[in-house]
Amino acid sequence: MTNQPSFSSILRGLMETRGLSPRAVSRASARAESTILQLLHERIKPTPEIVKDIAPALQMPEADLLTIAGLPATPISNHPEPYRNTAEIGELVSIAGSLTTAQVRQLLELARKIKNDDHS
């Protein structure tokens with residue numbers, strides 16, 4: 001019988017390889033940072049709802065992360081998306097985590113310009 005790594009250790013590894021902090025995952029998933037920290041420290045177990053919310057931030061298919069968490073890999077019905085385009089937002093957060101401070105400022109300026117252009 002093999003000793004399988006815990007969900008928290010896998011989650012930590014996924015976040016590290018993607019350069020994501022608990023705050024970044026929190027913001028991209030609309031989950032409280034304390035929830036992400038509790039998952040990392042095994043204070044709470046992953047639920048299908050939490051996994052669905054954090055999968056896009058980790059750039060992972062929901063079904064794969066559900067399987068890693070030991071949960072049934074079935075879509076959750078009647079669960080609203082925390083944001084439109086969650087996969088793209090997760091990718092953006094991941095990319096932003098590897099940018100320099102100056103590049104992050106440029107990205108923010110561009111995002112604000114795009115947002116303002118949409119509302120004009």
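What follows is calculated from the coordinates using simple rules that are stated; it is not laboratory data. The shown structure was predicted, so the numbers you read here are calculated from the model rather than taken from an experiment. Note that we place each Cβ from the backbone using ideal geometry, even for glycine, and neighbour counts take in every protein chain shown.
What GluC sites (Glu not before Pro) in the stretch 1-68 are in a loop by DSSP, with at most 13 other Cβ atoms within 10 Å of the Cβ?
Working: sites: 16, 33, 42, 49, 62; in loops: 42.
For GluC sites (Glu not before Pro) across the stretch 1-68 that sit outside H, G, I, E and B with at most 13 neighbouring Cβ atoms in 10 Å, the list reads 42.
Fully extending the segment from residue 59 to residue 105 would add 14.2 nm, taking 0.36 nm per residue of separation and subtracting the current Cα-Cα distance.
Calculate, in nm to one decimal, what residue 95 and residue 21 gain on full extension: separation in residues at 0.36 nm each, minus their alpha carbon distance. Between residue 95 and residue 21, full extension yields 25.4 nm more. Taking amide H as placed 1.01 Å from N in the peptide plane, the amide H of residue 99 sits under 5 Å from none that are at least 5 places away or on another chain. Dipole orientation for the chain: of the candidates 3, 57, 110, 110 has the Cα lying most toward the positive pole (charges on Cβ; Lys, Arg +1; Asp, Glu -1). Which parts of the stretch 3-17 would a label at residue 43 reach, counting a residue when its backbone N lies under 17 Å from a point 7 Å out along Cα-to-Cβ? Label zone hits: 8-9, 12.
To the nearest 500 deg cm²/dmol, what mean residue ellipticity at 222 nm is calculated for the chain from DSSP H runs of n ≥ 4 alone, each contributing -39,500 (n - 2.57), summed and divided by the residues? Don't skip to the end; give the middle numbers.
On the way: 7 runs with 71 residues, N = 120.
For the chain, the value works out to -17500 deg cm²/dmol.
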